[in-house]
Each structure stands twice: as C-alpha cells, then as structure tokens.
Ligand SMILES: [Zn+2]
Ligand SMILES: [Zn+2]
C-alpha cells in the first residue's frame, strides 16, 4: 500500500502526507501544527501524533512552519541534511528529536520505502528533493528548484506520480508588484520553476520515455504571480505541442493552499484521464 495526499501546496506552505503498510510520513511541515492535525484527520483519519517519519527538503519557513508542533506532538524520525537541520527552528522543552543525517545523492531505506535524496539548486543551506520508491510504484517530489536539472529529469523517469513545481507565470511575475531583487531571486538559478520551465522539463522527459500513465500534481504555486488555470494551460499546451497524444498518459492535477488533495493510492486512477479540478479557495 502507498497512499498520499498533498496536504498543502503553495508559496505560503507545503506539506505532503504519505502512508504505506509500515509508515505514516510527512514530507515537509510548512503549515501550522493545528492545520496539519486538522487536515490529517479529515483526509486520512489520523492525527498529527501518529506521524512517525518526517522528511525535510530545506529550511525555508513555507516547509518547516509546523515543525515545532510536529516534534512536540509526534516523535518522528527526522531525515534532513546537516545544512537543513542546522537551520531549522526546533528548540523546545521536549527531548532532542531523532535526527537522521542524509546527503544529496544518497539512497536509503525507511520501512518499505527506498528514498533517494536529489540535489537541487535553490537558495537554501543544503536543500534536496525526494524520490520515493515502493513496490506499488515510484513517486517524486520536485519543488523549490531553480531550474529543471538533469537530476530532476532523472528523478522523474519511471514515476507513477510526481509533484512538480509550477511556481509562477513569468509575465505575471515581471509585471507584478514584487521588488526587483525578489523577482530576480525567483527567476534565478536558485529560485523557483516557472510554469514554462516545468512544462518544457516535463515535455522533454515524457517524450523521451513514458512507460505508463503518470499523474503530475502542479505544485507550489505563487498566490501573487500565478493562477491554477494558467499553470495547467501552460503545461497542457507545451505537452500537446511536444507530442499530440502525451496528455492521454500524463494527467495533470491541481494542488491547493487551503484544501488537501484526496487520499489517493499510487495504483489508483489508471483509467481516468480527466483533470481533477479542486474547488477554488473562497
Ligand atoms: Zn518553498
Ligand atoms: Zn524554498
């Protein structure tokens, strides 16, 4: 069994829940502990205290905002690079959390998962992305990356499902009200993937090799500089241009800041080819 829900995704906060026969795991904890607990109860019928593994990608607050609460209520093994762990806020009264030091490029086992930590270009201390391999299929989380690197392309190969950053629309960002220094950071090699970056990266990977249906969750959208419809449309049109039948196999799904995606098994949905449209936030 491998089931997951994108609990929250966007520049304001990111968390992913994964459960297998042996693990109840979070990848990042970038929303409050209270919200994590509420969403876990609603979507998976469990509580925050039931989490036994936490993977951290990097120390930015939209990925660790709820960390203190997670460590207070649950007692997970935390997998993070040395650089990330040195930067995260975690002081509290409780016992020192169980930290497992990982490195970019490393493969390691957690329960019934093989995890690969993938190096990433992003303006954090020692950030990584993750590829999770399970007997039911392979799942990749590719967010907070400055450009679509070879490592990112590699991580996508053979995936049944991937969470991929479509952070901003370049024109919206350029025309928007962010200060120039911030715009330059986001657009730079250590910033975030635009809709176009993600689209061309995905097209390149999937025109080269596609072994079966793939669900791609468009993730980490900027509230200020993107729209879900625009991200979807951009990726869709680039994929269609690359190969007309690509969208028969690559299913695009949206994520949201406010609403978790339904708990989904990796083996689900092999037939359905429709875009899942989440309810817009009020
Ligand atoms: Zn982020
Ligand atoms: Zn970041």
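List of remarks:
- Residue pairs meeting the criteria (Cβ under 8 Å; at least 6 apart or on separate chains; first more than 15 Å from residue 171 (Cα to Cα) and in contact (Cβ under 8 Å) with a residue 60 or more places away in the chain, in the stretch 183-209; second assigned to a helix (DSSP H, G or I) and within 16 Å of ligand 2 (Cβ to nearest atom)): 191/185
- When the stretch 184-200 is filtered for residues that are farther than 20 Å from residue 127 by Cα and either surrounded by 21 or more Cβ atoms within 10 Å (Cβ to Cβ) or within 16 Å of ligand 2 (Cβ to nearest atom) (or both), the ones remaining, listed by number, are 195, 199.
- Selection count where residues are touching a strand residue (DSSP E or B) at 6+ places or on another chain (Cβ under 6 Å) and within 14 Å of ligand 1 (Cβ to nearest atom), scope the stretch 131-166: 7
- The one condition from (1) over 19 Å from residue 12 (Cβ atoms); (2) modelled with pLDDT of 95 or more that residue 259 does not meet is (1).
- Flag if residue 63 is out of contact with any helix residue (DSSP H, G or I) (no Cβ under 7 Å at 6 or more places or on another chain), over 29 Å from residue 123 (Cβ atoms) and in contact (Cβ under 8 Å) with a residue 12 or more places away in the chain: no
- Contacts under 9 angstrom Cβ, first residue in the stretch 120-148 being on the phi > 0 side of the Ramachandran plot, partner more than 16 Å from ligand 2 (Cβ to nearest atom) and in a strand (DSSP E or B), 6 or more apart: 137/2; 137/161
- Taken together, the criteria place residue 68 among residues that are away from ligand 2 (no atom under 16 Å from the Cβ) and either farther than 21 Å from residue 17 by Cα or surrounded by fewer than 20 Cβ atoms within 10 Å (Cβ to Cβ) (or both).
- Only one entry of 68, 34, 3 meets the criterion of being away from ligand 1 (no atom under 14 Å from the Cβ), under 19 Å from residue 111 (Cα atoms) and either touching a residue at least 12 places away in the same chain (Cβ under 8 Å) or not in a strand (DSSP E or B) (or both), and that entry is 3.
- Of the residues making up the stretch 233-250, just one is buried (at least 19 other Cβ atoms within 10 Å of the Cβ) and modelled with pLDDT under 95, namely 246.
- Filter result (within 16 Å of ligand 2 (Cβ to nearest atom) and surrounded by fewer than 19 Cβ atoms within 10 Å (Cβ to Cβ)) within the stretch 40-65: 61
- Condition check for residue 218: part of a loop (DSSP other than H, G, I, E, B), in contact with a helix residue (DSSP H, G or I) (Cβ under 6 Å, 6 or more places away or on another chain) and either at pLDDT 95 or above or more than 20 Å from residue 16 (Cα to Cα) (or both): no
The values are calculated or read from the model by the stated rules, or taken from the named source; none is laboratory data. Worth saying up front: this structure is predicted, and the values here are computed from it rather than measured. For neighbour counting, all protein chains shown are included, and Cβ atoms are generated from backbone atoms with ideal geometry for every residue, glycine included.
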